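Worksheet: one structure, shown below.
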Amino acid sequence: MDHSSPDGYCFDEYLDALGANWLDEDELLLRWLARSRLDEGTLDWLRGFGHAVATRYRDWAEVVERREKLPFIAERGPYNRESAEVVLPPETRQMQAEIHGSGLWRASLDERARYAVIYLLNQNGEAGVTCSAACTDGLAQSLRALGDDSHSRAVVEKLEKATPEQWVHGAQFITEIQGGSDAATNAVRAETSDGSLWTLSGQKWFCSNCTADYWLVTARVPGGPPGHRGVGLFCVPRLHEGQPNGHRILRLKDKLGTRALPTAEIELEGAIGWPVGRLDAGLKNTVAIVLVASRIHNVVAAGGVARRASREAHAYAGFRQAFGRKLCEHPLLAASLRDIEQNANRTAAGAFATVDAWLAAKERPDDEDRALWARILVSVAKAVATRRGPEHVYRAMMVFGGNGIEERFCALPRLWRDAAILETWEGPYTLLLSQALGDLVRFGVKGRERSFLEFGLGDHLAREDARELADVLADPEQEENVLRWGELAPRLYARFEEKALEALFAEG
Ligand SMILES: Cc1cc2nc3c(=O)[nH]c(=O)nc-3n(C[C@H](O)[C@H](O)[C@H](O)COP(=O)(O)OP(=O)(O)OC[C@H]3O[C@@H](n4cnc5c(N)ncnc54)[C@H](O)[C@@H]3O)c2cc1C
């Protein structure tokens, strides 16, 4: 192509370079998946997603973000028959049907294959589907683990047998107007007359994916103690006998990012539901199962977003010319590209290793060290990986110059806005680091800092950091030590990522 003339200037080379299958073109992902020795059927199924995200989902992710396509509250009909409903564009519904109806929630599916799909989907940002996937994972996991009743079993069966024609998905409403981090202040009330049928009333402040069929909702139980032990976890179907189940959508939030995802303020007015797990362990179970599932999705999402940023920057810099050379041939820009790729590799490898650590802990529930490592790791990984997300995307945007700022030219402005939201979900940065420090204290890491870090980081890396962690844990209440932990935690996670990356490249 003649780049010196504006006549016939065309961007096809850049668009083609974005690739046609984001599974086949991702060496790191393939190396990680090789650990699972997947059968050909599962690999083909994954390749289907690899192709979809690089082609039609990539296009639809742009379409559903356009102003005229955003979710909206439909006007109520004239005959007092319907209540207001949130409407999604057909492209979002189609993606949701294909994703949830694909077999993604089968218990028999290999977990790495499941999270590979999540990583691939997130390369298109939220697109109205990734929050839905995270919440549905939390729904499936909590009902499988805690739901020994017929209602829960029926939902699990629907998830197991879902097809693109008949599928269900989940949402989770914990945050209230007075606070999200401190969910023990929840005030939404649960009431029952006979202990089997429950109704929920009060307001939930951030209700994402509110078109979902089943909502996991935290609510205060009658006669329960104040604080977290008084909060139960309930499953609330969105519809009851075909009508909205005792709730009103008050408004949709007007958000910086994840705009294709409807996030509502909802008034529950006697919504019928059933308890999931013990009533006095509702918040504990929510954190341990539902929020941990979402946090892992967020870590994997950060990897997906970083990978897309790298993909975009390389595709553009390998095509665009300035001063008679491709952008990628200018040394300073080439160095920037290497950084962007390294960031993507590290973030993805860290995410994969976080999934591995969590799976290993689930497989061996009696191994306390493993469980503790996974618990702390998930909190720190979620905090650190999501905080860096917008920075990774921004650097890639700048490789495009002015075209990187144009919303319709490339996906990066949208991904940048979506990446900023990831940090707020399921616990923002400082809250998660504080909780991780609290867990280190509560689970008695003091005095065995070295063996704790060696477990996850390896011997040669852990010695120096162990000394510093010991200083922090000597008096974890002291402000100076809390601040030291704030500096140590991201450093530890960076080492974890580095080690994870080395391990993947060392595997044949
Ligand atoms: C787009 C979007 C969609 C959302 N969707 C949902 C949803 O579907 N369901 C749902 O339940 N919630 C949802 N949320 C809410 C989200 O989970 C909360 O915003 C989050 O948990 C933080 O709660 P908060 O906003 O009340 O902040 P606060 O709890 O008021 O916290 C404010 C700041 O204080 C910090 N902080 C609080 N406590 C501590 C501590 N102990 N140590 C150090 N720092 C601390 C936090 O890190 C944060 O930076 C959504 C949020 C957004 C932005």
Whichever residue in region 186-235 is β-branched (Val, Ile, Thr) and buried (at least 24 other Cβ atoms within 10 Å of the Cβ) and, among such residues, is farthest from the ligand (Cβ to nearest atom): Val231
Which of the residues spanning region 236-284 are over 16 Å from Trp198 (Cβ atoms), away from the ligand (no atom under 14 Å from the Cβ) and among the polar types (S, T, N, Q)? Gln243
Being within 16 Å of the ligand (Cβ to nearest atom) and either touching a strand residue (DSSP E or B) at 6+ places or on another chain (Cβ under 9 Å) or at pLDDT 95 or above (or both): is that true of Ala127 here? yes
Test of understanding: among Val53, Val63, which residue is among the aliphatic types (A, V, I, L, M), buried (at least 19 other Cβ atoms within 10 Å of the Cβ), in contact with a helix residue (DSSP H, G or I) (Cβ under 6 Å, 6 or more places away or on another chain) and modelled with pLDDT of 95 or more? Val53
Do the conditions hold for Ala466, that is, is it in the same structural domain as Ala385 (by TED's automatic domain parsing), within 30 Å of Phe173 (Cα to Cα) and of a type in the set (A, V, I, L, M)? no
For Leu488, state whether it is within 16 Å of the ligand (Cβ to nearest atom) and over 30 Å from Ala260 (Cβ atoms). yes
Select from region 301-355 the residues that are hydrophobic (A, V, I, L, M, F, W, C) and free of Cβ contacts under 8 Å to residues at least 60 places away in the same chain and list them in ascending order. Ala322, Phe323, Cys328, Leu332, Ala334, Ala335, Ile340, Ala344
Scan (1) in contact with an Asp or Glu (Cβ under 8 Å, 6 or more places away or on another chain); (2) of a type outside the set (Val, Ile, Thr); (3) buried (at least 23 other Cβ atoms within 10 Å of the Cβ) for the single condition Ala306 breaks and write down its number. (1)
Count of region 122-171 residues which are assigned to a helix (DSSP H, G or I), crowded, with 17+ Cβ neighbours inside 10 Å and of a type in the set (Asp, Glu): 1
What helices (runs of 4 or more DSSP H) lie completely within region 1-76 and have 1 or more residues being outside the structural domain of Leu256 (by TED's automatic domain parsing) and in contact with a Phe, Trp or Tyr (Cβ under 7 Å, 6 or more places away or on another chain)? 12-17, 27-34, 40-54
Being touching a residue at least 60 places away in the same chain (Cβ under 8 Å), aliphatic (A, V, I, L, M) and part of a loop (DSSP other than H, G, I, E, B) is the filter here; which residues of region 172-191 pass it? Ile174, Val188
Need at least 3 residues that are at pLDDT 95 or above per element, so show me which strands (runs of 3 or more DSSP E) inside region 192-276 make the cut, counting only ones lying wholly within it. 198-208, 214-220, 231-237, 263-275
Every residue in region 421-431 that is surrounded by fewer than 18 Cβ atoms within 10 Å (Cβ to Cβ) and outside any loop (DSSP other than H, G, I, E, B), please. Tyr429, Thr430, Leu431
Considering region 153-183 alone, what residues qualify as being touching a strand residue (DSSP E or B) at 6+ places or on another chain (Cβ under 7 Å) and more than 28 Å from Ala302 (Cα to Cα)? Val155
Contacts under 6 angstrom Cβ, first residue in region 399-423 being at negative phi, partner modelled with pLDDT under 95 and surrounded by fewer than 24 Cβ atoms within 10 Å (Cβ to Cβ), 6 or more apart: Pro413/Glu407
Somewhere in region 353-374, is a residue within 18 Å of the chain's Cα centre (by Cα), surrounded by fewer than 24 Cβ atoms within 10 Å (Cβ to Cβ), within 16 Å of the ligand (Cβ to nearest atom) and not aromatic (Phe, Trp, Tyr)? no
If you go through Gln141, Gln172, Gln166, the only one that is more than 16 Å from the ligand (Cβ to nearest atom), modelled with pLDDT of 95 or more and within 19 Å of the chain's Cα centre (by Cα) is Gln141
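The values are calculated or read from the model by the stated rules, or taken from the named source; none is laboratory data. Everything quoted here is computed from the prediction, not taken from an experiment. Cβ: placed from backbone, ideal geometry, glycine included. Neighbour counts: every protein chain shown.
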